[in-house]
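A short reminder: the numbers here are calculations on the coordinates, not readings from a lab. Model, not experiment: these values are computed from the prediction. No Cβ is skipped: glycine too gets one built from the backbone with ideal geometry, and neighbour counts run over all protein chains shown.
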Amino acid sequence: MPFTGEGNLGANGSTSNNQTTLVLTTAAQASVGELVVLVYADDNIATADGTDNVIASITDNSTGGPNNWQRAISFTNAQGASQAGATVDIWWAVITKQINSSGTITATFTNSTLSDATAVTARRFTFTGGSVAIEATNTLANDAADPGALDATTANIECLRIRGIAGEVGNNTSLTGTASWTVWANGNSATTGTTAEMCARAEHIISTGTGSSSNPTWVSCDNASAYVAFKLLPSLLFDPFPNQWMLVN
């Protein structure tokens with residue numbers, strides 16, 4: 001398989017009011033050439049369901065860095081008011097500057113006043129040849145319920161499929177993963193508490209086909225889900241001796 005899962009990179013959370021940043025301390029080294037994916041949960045800014053870019057930027061303390069972090073997708077289940085629901089924000093980077101174990105990856109929030117409960121979970125992957133791109137995405141909002149089934153339609157190719165979930169709930173309950181999917185570490189703003197807390201959950205599968213439905217079992221809460229399918233782009237070949245055409249009289 002072009003994609004291979006290489007394990008947990010860490011998880012964290014904070015229940016402090018008016019957060020400017022959230023720092024993830026890495027549980028392993030993120031090496032050059034690896035794909036790292038970050039799944040964040042945050043209080044929502046928007047008052048309606050949809051795109052809600054709660055994170056302004058990602059940086060890290062790699063030597064000579066930071067790496068080039070990009071947003072894959074952001075989605076909120078707003079519940080009609082700011083901080084009444086949950087936003088999931090997924091970021092990724094192909095590592096060009098090594099991040100050591102016990103290094104840091106820092107998210108800066110768009111609105112610190114509305115970031116009063118945050119969480120993150122992260123994982124790393126290797127891939128062979130070419131470069132990584134996003135093939136498809138999808139989103140889902142569930143109100144006072146377990147996260148529902150979610151899929152994203154792709155071409156009939158191998159994809160790394162990741163589903164991130166932000167739940168407005170305080171607990172340390174792990175996902176019971178979808179069959180054949182791999183569950184990530186728990187990211188919690190607090191392991192117990194009110195529905196004002198935030199949990200980040202995720203699972204992934206590496207599969208070939210046009211889709212793979214994610215339907216884990218978790219807890220009933222207001223939650224936002226985002227699904228992203230990464231694909232591998234082939235390497236561009238360079239011809240050192242290109243054809244040269246001449247006019248013959």
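Proximity of backbone amide H atoms, modeled 1.01 Å from N, is registered between Gly187 and Ala200 at under 5 Å, excluding neighbours fewer than 5 places apart on the same chain.
A simple rule links phi to the HN-Hα coupling: the Karplus curve 6.51 cos²θ - 1.76 cosθ + 1.60 with θ = phi - 60°, which for the range 224-231 gives 10, 10, 9, 10, 10, 10, 8, 10 Hz, with x for Gly and Pro.
Extension gain for the segment Asn111 to Ala48, taken as residue separation times 0.36 nm less the Cα-Cα distance, is 21.0 nm to one decimal. A simple spin-label model places pseudo-atoms 7 Å from Cα toward Cβ; at Val219 and Leu233 they are separated by 4.1 nm. Placing dummy labels 7 Å off each Cα toward the beta-carbon, the span from Ala149 to Ser174 is 2.6 nm.
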